[in-house]
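What follows is calculated from the coordinates using simple rules that are stated; it is not laboratory data. Quick caveat: nothing in here was measured; it's all calculated off a predicted structure. All Cβ positions, glycine included, derive from the backbone under ideal geometry; neighbour counts span all protein chains shown.
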Amino acid sequence: MIKFNKVLCVWFFSFTTLVVFCQSKNDLELEKIKLQQQIDQTNKRLQVEKRKKKNALNQLNLSEKKIEKQNYLLRNLEQSINLETNSIDKISQSISETQRTIGEKNKDLKSLKAAYAKLMYQTYKWDKTYNKLYFLLTSKNINQFFKRQKYLNQISTNRSNKIEEIKNIRKILFSEKNYLDKQKENLLLAKSKKEEMFIMKEQQILFMKEDKRSKEKIINQIKKDENYYKKILQRKIESSKELDRQIRKIIEEEIRLAREKAERENLGSPLTPEALELSENFLENKGTLPWPLDKGRIIARYGKQKHKVIKGIETVNNGVDFETDKNQSCRAVFDGKISRIFFIKGKGKAVLINHGEFYTVYSGLKNVIVKTGDMVISKQSIGTVLTSDATQETHLHFEIWMGKNSQNPSIWLYKAD
């Protein structure tokens, strides 16, 4: 029973390890397919942009995005190669252990066969020498009779047990040999997969070198027509400033309305008791707020950023920008009240949520499923992120404000640094 429990524990541990291992391999494979699709899509868009004149800024953006995805793919391949290496080591170890078990069982089988042959020979000699009935009837007393009968039964039972032991070992050997054959097949597949990953990795390295050379050509083209592209960037900066002014104006209006309400109710504070409590709760959750997306990654950080190519161009981001999947749902990061829903030209719809003294802004929505005045809770969906028809990119712009001052969302959101 103890031996059985030990085998069961070993089997369970191996099974759970294998399940986790397979999940990791499957996750990496799905990620690899997705990255490859994104690289292909970006490359197609890049080829279209290259056919357009005076479009080097878009080309640079796409080129950088492609190289970034290639880096992710390389890391994915390295992780996959490491997993296959671990798989090969584990399978090789398992093969060695199985071969050792087969060797031990073959020895046991040989020993049992020898013992059984010896037993059968002794039984044969006894049958030739003695008559079983005569052996029992010549007993001196009833006690000796039962002892002789027990002795004969033990010989028969011993013979049957030896036969069963031989059968069981043969079954184990058959199972172990089948398992060994399967493990050898798995080893060949793992080695083949690892070799395939190595080849793919080397190809990606070559592709990335070529794309980096193409990126340098684009940069040189931008530098050649620097004045032209500087004007384009300045227009984009003005557009960003207009967005900032619009959001700031709305927040100032919300603050004014809240103050007027507090004054009418003689509260002696610019916030109601409920708003004050909400503000305190929001502040207590600094660094642990959920992301406004269930799935996504940050592509632009808070604060001032200088242009990588053109000198003298500096952009200011009052929030963070996320890249996500198409039709991804946008959600509130904390309990609050929908203060405003407004439209931003070229950027879709935006939602402003009030959290007492704090405000959160969600810009770049295709549709909104809440309305002004609604109370929402943390992680509640408020709409769907817009996917650009021109670029096929799905981006969400997110901001946090404390009164009239913008905050760095990376400090407030969970593991966003």
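In deg cm²/dmol and to the nearest 500, what is the mean residue ellipticity at 222 nm of the chain if only DSSP H runs of at least 4 residues count, each as -39500 (n - 2.57), divided by the residue total?
Numbers: 7 runs with 267 residues, N = 417.
Mean residue ellipticity, 222 nm, calculated: -23500 deg cm²/dmol.
Using a Gaussian network model of the chain in which every pair of alpha carbons under 10 angstrom is joined by a spring, one finds that among Asp321, Asp40, Asp374 the greatest mean-square fluctuation is at Asp374.
When the Cα positions of Leu30, Phe174, Asn43 are compared along the charge dipole of the chain, Phe174 comes out farthest toward the positive end, with charges on each C-beta of Lys, Arg, Asp and Glu.
The mean sequence separation of alpha-carbon pairs under 8 Å and at least six residues apart, normalised by the residue count of the stretch 2-224, gives a relative contact order of 34 percent.
Figure the gain on full extension for Phe207 and Arg51 (residue separation times 0.36 nm, minus the Cα-Cα span) and round it to one decimal in nm. Intermediate values should be presented prior to the final figure.
Numbers: separation 156, 0.36 × 156 = 56.16 nm, distance 2.07 nm.
In short, 54.1 nm is gained.
For the stretch 206-292, the spherically averaged projection of the C-alpha convex hull amounts to 10.5 nm².
Mean separation of Cα pairs under 8 Å and 6 or more residues apart, divided by the residue count, gives the stretch 306-360 a relative contact order of 21 percent.
Please list the equivalent ellipsoid semi-axes of the stretch 71-130, computed as the square roots of five times the alpha-carbon gyration tensor eigenvalues, in descending order and whole angstrom. Intermediate values should be presented prior to the final figure.
Numbers: eigenvalues 649, 7, 3 Å².
Ellipsoid half-lengths, sorted descending, are 57, 6, 4 Å.
Here the relative contact order of the chain, from alpha carbon pairs under 8 Å that lie six or more residues apart, stands at 13 percent. Taking Asn227, Asn327, Asn161 as the candidate residues, the one with maximal mean-square fluctuation in a Gaussian network model of the chain, Cα springs under 10 Å, is Asn161. Among the listed pairs Lys52/Lys215; Lys113/Lys147; Lys306/Lys345, those whose Cα-Cα separation exceeds 23 Å are Lys113/Lys147; Lys306/Lys345.
Distance between the 7 Å Cα→Cβ label points at Arg259 and Ser192: 7.4 nm. Between Lys304 and Asp89, the modelled label-to-label distance comes to 4.9 nm, taking each label 7 Å out from Cα in the direction of the beta carbon. Just checking the listed ones, Tyr151, Tyr302, Tyr116: in the Gaussian network model of the chain with Cα springs under 10 Å, the one fluctuating most is Tyr151. Only one item in (i) 39, 24, 20; (ii) 34, 24, 18; (iii) 76, 34, 14 matches semi-axes √(5λ) of the Cα gyration tensor in Å derived from the coordinates shown, and that item is (iii). With semi-axes defined as the square roots of five times the eigenvalues of the C-alpha gyration tensor, the equivalent ellipsoid of the stretch 2-224 measures 76, 14, 10 Å, largest first.
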